[in-house]
Amino acid sequence: MVSRRRFLAHGAALLCAPSLARAGGREVVDVLGNVVRLKAAPQRILLLDASDYYMMAALLPDPGGRIVGWASAARLDLGAQAERLGAVFPEVGGISPDTVSVEAILGLEPDLVVTSAYMSPQTATLAQHLENAGIPVAWSGDYGQSMGPQEKLQRSLGFWGELLDQQARAGELRDQSMARFDALTAAPAPGPLPRVYMEIMTTYDSCCWAAGRAFWGDLFQLAGGDLLAGSDGWGAQLSPEGLLGLNPEVYIATGGNFAPGLQPAIGPGLDPEQGRSGLRKAADRQGLRNSDAVVQGRIHGIWSGLISSPLFGPLLAECLAKWLHPEHFRELDPVMTLAALNRYFPAPLPGPLWASLGEA
């Protein structure tokens with residue numbers, strides 16, 4: 001494995017340098033630091049974590065020309081926008097690793113399979129089966145448990161830029177994205193950190209899944225918030241009484257396209273007013289309705305897709321910072337940040353990707 005220090009020290013070089021040639025083939029370094037040996041530049045890529053589509057879409061004018069199939073397509077949460085964005089491919093599995101079919105993968109004849117630790121723990125065994133069949137496997141993520149958003153973004157763009165021979169474009173996108181993170185880190189420290197209940201898997205008929213520190217801790221540190229974490233991992237369920245006792249000052253829900261009748265309808269192409277109506281309904285549940293967050297009207301929501309790709313990290317961090325410290329971070333403009341990112345996609349990703357009560 002390549003150490004984190006060594007990888008970051010050479011991150012810019014990875015974006016600018018060609019892949020290493022070995023005996024007529026090439027080698028690339030994946031996000032976890034593994035050296036992946038390829039016979040040639042891959043033309044038939046299979047994504048076991050469909051959220052990697054966003055990286056390919058940002059770096060290639062026609063990402064669909066290189067993708068032969070995928071799994072976990074539901075993670076994209078694009079709803080009716082999937083076909084417009086060209087995000088429709090043969091599926092070899094669902095959203096969990098136990099649904100992935102080796103036979104379906106082999107039938108699509110990929111020359112590279114890209115997976116992530118999100119599809120663990122069975123993915124490691126699956127990867128061994130594929131490698132035994134002569135299909136190389138690269139890793140695009142670590143499930144958010146050891147890398148912060150800046151490091152994850154740089155590693156991801158380094159890997160995908162090298163893999164797709166798009167080092168220059170990846171470097172431009174890296175610089176643009178890191179500038180947005182730098183705007184947060186360079187600002188003076190904000191005042192008191194508000195207590196934040198970040199709810200994952202928001203639904204109207206249950207409560208209260210609190211985000212954990214594994215993914216969210218670094219983001220809220222950047223944004224200046226005191227995350228009322230459900231665990232040190234991805235998250236955990238609190239009781240309504242327990243949540244009320246914590247008395248959050250800011251509430252952030254997670255909505256999406258997947259089940260707009262059961263969760264706030266926040267996602268590409270959806271009606272913004274429908275999303276705000278969903279936020280009101282979510283905030284009226286036991287454990288929240290009498291909290292400082294609801295009484296003071298500090299109620300917000302995000303599209304679930306914002307956590308699916310490192311590309312959205314700067315955008316998500318800006319939204320959080322604006323909500324937690326609106327005066328301190330008044331110069332931040334998530335709308336402009338999304339517009340700048342959309343210039344890299346073959347088709348722009350439409351809003352609403354976030355929502356707040358009180359917006360016109």
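When Gly94, Gly69 are checked against the criterion of being small (Gly, Ala, Ser), modelled with pLDDT of 95 or more and in the same structural domain as Leu112 (by TED's automatic domain parsing), a single residue qualifies: Gly69.
Regarding Gly242, is this residue in contact (Cβ under 8 Å) with a residue 12 or more places away in the chain and within 20 Å of the chain's Cα centre (by Cα)? The answer is no for Gly242.
Of all positions in segment 297-307, none carries a residue that is of a type in the set (S, T, N, Q) and either closer than 19 Å to Thr185 by Cβ or not in a helix (DSSP H, G or I) (or both).
Please state which one of Leu349, Leu311, Leu332 is out of contact with any Phe, Trp or Tyr (no Cβ under 9 Å at 6 or more places or on another chain), buried (at least 19 other Cβ atoms within 10 Å of the Cβ) and not charged (D, E, K, R). Step through it out loud before you land on a result.
Working: Leu349 fails: out of contact with any Phe, Trp or Tyr (no Cβ under 9 Å at 6 or more places or on another chain); Leu311 fails: out of contact with any Phe, Trp or Tyr (no Cβ under 9 Å at 6 or more places or on another chain).
The match here is Leu332.
Looking across segment 1-51 at every residue that is among the charged types (D, E, K, R) and at pLDDT below 50, the one that is farthest from Glu131 (Cα to Cα) is identified as Arg5.
The values are calculated or read from the model by the stated rules, or taken from the named source; none is laboratory data. What you see is a predicted model, and the numbers here were worked out from it, not measured in a lab. Note: ideal-geometry Cβ built from the backbone for every residue, glycine included; neighbour counts use all protein chains shown.
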